[in-house]
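J.: I'd like to ask some things about the structure below.
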């Protein structure tokens with residue numbers, strides 16, 4: 001029963017540490033009760049210790065997942081349940097691996113493996129088709145972003161490393177005190193823990209105090225149409241949307257405005273990609289440009305392209321019948337005084353909503369289960385490279401057209417910067433989750449992208465929260481949830497590349513090597529020590 005309570009406590013602490021309602025200081029102690037329960041089972045239980053550890057870990061991680069991401073239920077009940085149940089399972093399996101290694105090695109090797117394998121797990125969630133990095137530990141500091149200004153060097157994996165190092169230091173002090181009953185152990189543990197917490201905080205505050213925002217000023221207007229996706233979005237045609245955007249642009253746009261940004265799939269009629277220039281989206285974009293000749297207009301749009309040529313078929317193409325396929329896109333476009341339209345197709349897709357993971361393997365087994373359970377009707381088609389949108393009319397700047405879920409991926413976003421983006425533009429539609437923590441967390445994570453890249457962020461959200469975020473991660477101006485309107489601010493555009501932009505998730509790559517090395521070491525040592 002005590003072990004059950006320890007696991008319960010870990011789950012509650014993890015949940016209470018999460019943005020946007022929680023306090024991340026709790027995260028530095030959240031894993032300690034679960035680690036202690038595992039330690040007791042490993043050393044003092046003789047039967048089924050692995051299964052007991054798994055059950056306790058699953059309980060902790062289920063509580064964490066449920067309370068922090070329950071809002072997924074509002075967009076897709078099956079998707080929400082799947083994310084909570086399966087992500088808890090994966091986390092429990094990671095902790096189970098730690099238990100296996102800890103039984104075969106000493107404290108130092110086991111602790112190294114735990115930190116490393118957890119980072120490997122987080123990296124996996126950034127790469128594979130069942131990608132769900134929402135609860136990667138480094139994200140927890142998004143509301144307290146002044147604590148992690150050093151993310152420009154480490155990315156969020158620096159936060160994950162920080163969390164685990166402190167938890168392990170506290171855990172070590174607890175088990176040493178349990179063994180020796182010496183208060184000096186506790187005092188030393190408190191001192192070490194304070195150093196581990198305060199030293200990175202001090203570094204962050206030094207960086208914050210000395211960082212000077214860089215770049216050339218650019219006046220930007222963000223549009224927030226506030227179209228309910230459940231009752232309005234697909235019942236409001238592109239003509240009415242274009243008229244609404246024209247009205248919203250009138251509110252704040254001046255002769256000095258150089259960029260106008262509208263949200264993800266605001267033009268939702270399903271424009272035929274080769275016929276874009278004849279579409280309502282293009283027509284109203286030109287209306288905006290006629291009114292404001294110096295404007296660059298960036299917006300979201302739904303595209304599709306139907307074709308019969310088998311040579312055009314890609315992995316993500318959707319089959320309709322013999323010699324009949326189509327590609328479905330969630331895209332961004334930019335129009336300005338030049339004749340050409342710039343396009344980018346969203347390439348980090350929401351599992352089950354925009355993407356059927358490992359379709360070539362799972363679809364023959366499961367059939368159209370995603371459709372039957374309220375998931376994706378059509379696979380979205382992506383692109384390989386991160387496109388940037390070149391600005392015109394006197395501003396040698398480029399926008400990173402980040403679409404919705406893509407903004408959660410730190411290393412992915414750096415690809416836009418390496419391709420020349422001078423600031424980050426995020427277009428999104430968070431209304432699927434209702435007025436829950438979902439849209440608040442999504443906005444909050446954008447602060448971390450600003451710090452990692454030292455780029456201003458322009459965020460246009462259909463129902464909110466739209467915002468301007470500066471290079472230190474501060475929200476400069478915002479328009480609240482379920483409000484219709486526009487906001488204007490001046491951002492800074494620069495071509496600087498931070499250490500993190502240049503080297504990406506190098507901490508995760510190091511962790512992959514360490515995890516493999518310690519695991520092999522543990523297995524070889526165990527085999528050698530087994531009685532013959």
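The values are calculated or read from the model by the stated rules, or taken from the named source; none is laboratory data. Here the structure is a predicted model, which means the values were calculated and not measured. Cβ placement follows ideal geometry from the backbone for every residue including glycine, while neighbour counts extend to all protein chains displayed.
J.: Condition first: closer than 29 Å to residue 520 by Cα, out of contact with any strand residue (DSSP E or B) (no Cβ under 6 Å at 6 or more places or on another chain) and buried (at least 18 other Cβ atoms within 10 Å of the Cβ). Can you find one or more residues in region 62-80 that meet it?
T.: Checked against the condition, which is being closer than 29 Å to residue 520 by Cα, out of contact with any strand residue (DSSP E or B) (no Cβ under 6 Å at 6 or more places or on another chain) and buried (at least 18 other Cβ atoms within 10 Å of the Cβ), region 62-80 yields no hits at all.
J.: Residues to consider are 254, 265; find the one that is on the phi > 0 side of the Ramachandran plot and either in contact (Cβ under 8 Å) with a residue 12 or more places away in the chain or in contact with a strand residue (DSSP E or B) (Cβ under 8 Å, 6 or more places away or on another chain) (or both).
T.: After ruling out the rest, the residue left standing is 265.
J.: Could you tell me which of the residues 194, 173, 169 is surrounded by 14 or more Cβ atoms within 10 Å (Cβ to Cβ) and either free of Cβ contacts under 8 Å to residues at least 24 places away in the same chain or not in a helix (DSSP H, G or I) (or both)?
T.: 173
This table checks each residue for (1) closer than 30 Å to residue 330 by Cα; (2) outside the structural domain of residue 472 (by TED's automatic domain parsing).
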| residue | (1), (2) |
| --- | --- |
| 183 | no, yes |
| 193 | no, yes |
| 223 | yes, no |
| 242 | yes, no |
| 255 | no, no |
| 258 | yes, no |
| 265 | yes, no |
| 274 | yes, no |
| 280 | yes, no |
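J.: Residues 50, 108: which one is free of Cβ contacts under 8 Å to residues at least 12 places away in the same chain, out of contact with any strand residue (DSSP E or B) (no Cβ under 8 Å at 6 or more places or on another chain) and in the same structural domain as residue 139 (by TED's automatic domain parsing)?
T.: Exactly one of 50, 108 is free of Cβ contacts under 8 Å to residues at least 12 places away in the same chain, out of contact with any strand residue (DSSP E or B) (no Cβ under 8 Å at 6 or more places or on another chain) and in the same structural domain as residue 139 (by TED's automatic domain parsing), namely 108.
J.: Of the numbered conditions (1) modelled with pLDDT under 95; (2) buried (at least 18 other Cβ atoms within 10 Å of the Cβ); (3) not in a helix (DSSP H, G or I), residue 185 satisfies every one except a single condition; which is it?
T.: It fails just one condition, (3).
Residue-by-condition table, conditions (1) under 33 Å from the mean Cα position of the chain (by Cα); (2) at pLDDT 90 or above; (3) in a helix (DSSP H, G or I):
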| residue | (1), (2), (3) |
| --- | --- |
| 254 | no, yes, no |
| 268 | yes, no, no |
| 276 | yes, yes, yes |
| 283 | no, yes, yes |
| 294 | no, no, no |
| 297 | yes, yes, no |
| 300 | yes, yes, no |
| 304 | yes, yes, no |
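J.: Next question, about the same structure. Listed residues 323, 290; which is surrounded by fewer than 19 Cβ atoms within 10 Å (Cβ to Cβ) and either on the phi < 0 side of the Ramachandran plot or not assigned by TED's automatic domain parsing to the domain that holds residue 387 (or both)?
T.: 290
Table: residues versus (1) in a helix (DSSP H, G or I); (2) over 24 Å from residue 404 (Cβ atoms); (3) outside the structural domain of residue 473 (by TED's automatic domain parsing).
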{"residue": "83", "(1), (2), (3)": "yes, no, yes"}
{"residue": "104", "(1), (2), (3)": "no, yes, yes"}
{"residue": "117", "(1), (2), (3)": "yes, yes, yes"}
{"residue": "123", "(1), (2), (3)": "yes, no, yes"}
{"residue": "139", "(1), (2), (3)": "yes, no, yes"}
{"residue": "159", "(1), (2), (3)": "yes, no, yes"}
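J.: Something else about it: Give the residue, chosen from 27, 13, 35, that is under 21 Å from the mean Cα position of the chain (by Cα), assigned to a helix (DSSP H, G or I), buried (at least 20 other Cβ atoms within 10 Å of the Cβ) and modelled with pLDDT of 95 or more.
T.: Answer to the check: 27.
J.: Can you pull out the strands (runs of 3 or more DSSP E) entirely within region 422-495 that have at least 3 residues that are buried (at least 24 other Cβ atoms within 10 Å of the Cβ) and in contact with a helix residue (DSSP H, G or I) (Cβ under 8 Å, 6 or more places away or on another chain)?
T.: Counting at least 3 such residues, we get 423-428, 457-461.
J.: Run residue 256 past the list (1) crowded, with 17+ Cβ neighbours inside 10 Å; (2) out of contact with any helix residue (DSSP H, G or I) (no Cβ under 9 Å at 6 or more places or on another chain) and report the number of the one that doesn't hold.
T.: Looking at each condition in turn, residue 256 falls short on (1).
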